[in-house]
Each structure stands twice: as structure tokens, then as C-alpha cells.
1. Could you work out [θ]222 nm for the chain from helices alone, using -39500 (n - 2.57) per DSSP H run of at least four and dividing by all its residues? Round to the nearest 500 deg cm²/dmol.
2. Could you work out what % of the accessible surface of the range 44-89 is carbon and sulfur, using a 1.4 angstrom probe and leaving DNA, RNA and ligands out of the count?
3. Percent relative contact order of the chain, based on C-alpha pairs within less than 8 angstrom and at least six residues apart?
4. Answer with one residue from Ser83, Leu73, Thr24: the one whose Cα lies farthest towards the positive end of the charge dipole of the chain, charges on Cβ with Lys, Arg +1 and Asp, Glu -1.
5. Tally Lys/Arg at +1 and Asp/Glu at -1 over every other residue whose Cβ is under 13 Å from the Cβ of Ser56; what's the total?
6. Taking every eigenvalue of the Cα gyration tensor of the chain, multiplying by 5 and rooting it, what semi-axes result, largest first, whole Å?
7. With every protein chain left in place, what is the accessible area per residue of the chain in square angstrom, probe 1.4 Å?
8. Using amide H atoms built in the peptide plane, which far-off residues or other-chain residues are under 5 Å from Leu45 H to H?
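The values are calculated or read from the model by the stated rules, or taken from the named source; none is laboratory data. Keep in mind the model is a prediction, meaning the values are calculated, not measured. As a convention, Cβ positions derive from the backbone with ideal geometry for all residues, glycine included, and neighbour counts pool all protein chains shown. Side chains are part of the model used for accessible areas, which takes the heavy atoms of the whole protein and leaves out ligands, DNA and RNA. Shrake-Rupley method; radii C 1.70, N 1.55, O 1.52, S 1.80 Å.
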Amino acid sequence: MQILQKRGQLNYGSVPITTPVLATELGGYSAILAKAAALVKKGDLIRIKRGLYCLSPEVNGHELNLPMIANALYAPSYLSFESALSFYG
């Protein structure tokens, strides 16, 4: 993910990134989906589903935020009381 590191734009943490956001970050490339596929193959991006990616924990330094990913997959969604209690102990 040296492309984004050079531009200093690794501010996403563990938030899922959509293809339009990725296209904005990789503005110099004409084939955004091909570059995204190459970054997935390299291990810098994790493909959640078509058009939805997360930065790899090795690149980003943060663990994946599963509730945020769940909300991006099926919005609007919420955490149940039991899930929140389980998460926070």
C-alpha cells in the first residue's frame, strides 16, 4: 500500500472502503478495479464483497472492526444488547 502511504492517506483505520473512495485515493490510475485486484492479491487490501474493501491489519495497524463491516454489508443494522455485552465483557 505504498501508493497510499506516499500520499499520507491511511486515515481509514478499520473502516470499510467503497470503490468510489478507493478511486479517489488512487486517482492517478485509469484501471481502478485492476489496481484494487492487484492490491488484494498483494495482501494490502481485503475484499469483503464486490465494491467493498478494508485495509489489511498488517498495513493499517488496526484490527478489522467487525461491527462496522457488518453495518456496511447490511445497512441499516445495529448491535444487539447481547452482542455489545459480549464485546465489552
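1. Details: 6 runs with 44 residues, N = 89.
Helix-only estimate at 222 nm: -12500 deg cm²/dmol.
2. Details: 2040 of 3500 Å².
Carbon with sulfur: 58 percent of the solvent-accessible area.
3. Computed value for the chain: 30 percent relative contact order.
4. Thr24
5. Cβ neighbours under 13 Å give a net charge of 0.
6. Computed over the chain, the values are 27, 14, 10 Å.
7. Averaged over the residues of the chain, the accessible area is 69 Å².
8. HN-HN under 5 Å from Leu45: Val40, Ser56.
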